[in-house]
Amino acid sequence: MTQSLSASSESACTLLRPTNRPVKRKRFSVEQIVAVLKQAELGMPVADVIRQTGISEQTFFRWKKQYAGMQSDQVRELKQLQDENARLKRVVADLTLDKAILQDVVSKKWSGPR
C-alpha cells in the first residue's frame with residue numbers, strides 16, 4: 001500500500017512541478033507594431049487586438065506610448081537612431097576609459113632602467 005501511495009505522490013509532484021523552459025518571445029516587425037496600433041485607433045477594442053496578436057496588455061500600451069501616431073518609416077528611423085545612439089555611447093565609454101588609463105600611466109613616476 002505504501003508503494004502505491006508513494007508512486008501516486010511522485011506522479012502528483014511531477015504534474016505540479018513547473019517546467020524550466022523559457023517563455024518563447026515573439027519579435028514583431030515595425031510594420032506589424034504599427035498595424036496593431038492602427039487597429040486599435042480605428043475602433044477595435046484593445047482586448048480583441050491583444051488577444052489576436054498574442055501580446056500582453058502591458059506590451060500594447062508600451063508600444064502605444066513609444067510609437068503612437070507614427071508611420072512605419074518613422075518608427076524604423078527611430079529604431080535606427082536609438083541603435084546608433086547606443087553604439088556612440090559605447091564608443092564614448094571606451095574612449096573615456098582609455099583616456100583614464102593613459103592619464104594614470106603618465107601620472108605615475110616610472111623608475112625604469114636608466
- request: Would you tally the net charge around Val46, using a Cβ to Cβ cut-off of less than 12 Å, leaving Val46 out, and scoring K and R as +1, D and E as -1?
  value: -1
field: FRET efficiency, 1/(1 + (r/R0)^6) with R0 25 Å, evaluated for Leu97 and Arg27 via beta carbons
entry: 0.15
message: For a test of the definition: using alpha carbon positions, the gyration tensor, and the 1.5 limit on a/c, classify the stretch 44-114 as rounded, prolate or oblate.
response: prolate
- prompt: Tell me, in nm to one decimal, what length is gained between Gln82 and Met70 on full extension, where the rule is 0.36 nm per residue of separation less the Cα-Cα distance?
  reply: 2.8 nm
statement: Expected unfolding gain across Met44-Lys89 under the 0.36 nm per residue rule, minus the alpha-carbon gap, is 12.2 nm
field: Inter-label distance for Asp104 and Arg62, nm, one decimal - labels placed 7 Å from Cα along Cα-to-Cβ
entry: 3.6 nm
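Only the coordinates and a few stated rules stand behind these numbers; no lab work does. As the structure is a prediction and not an experimental result, all values here were calculated from the model. FYI the Cβ positions are ideal-geometry reconstructions off the backbone, even for glycines, and counts take in every protein chain you see.
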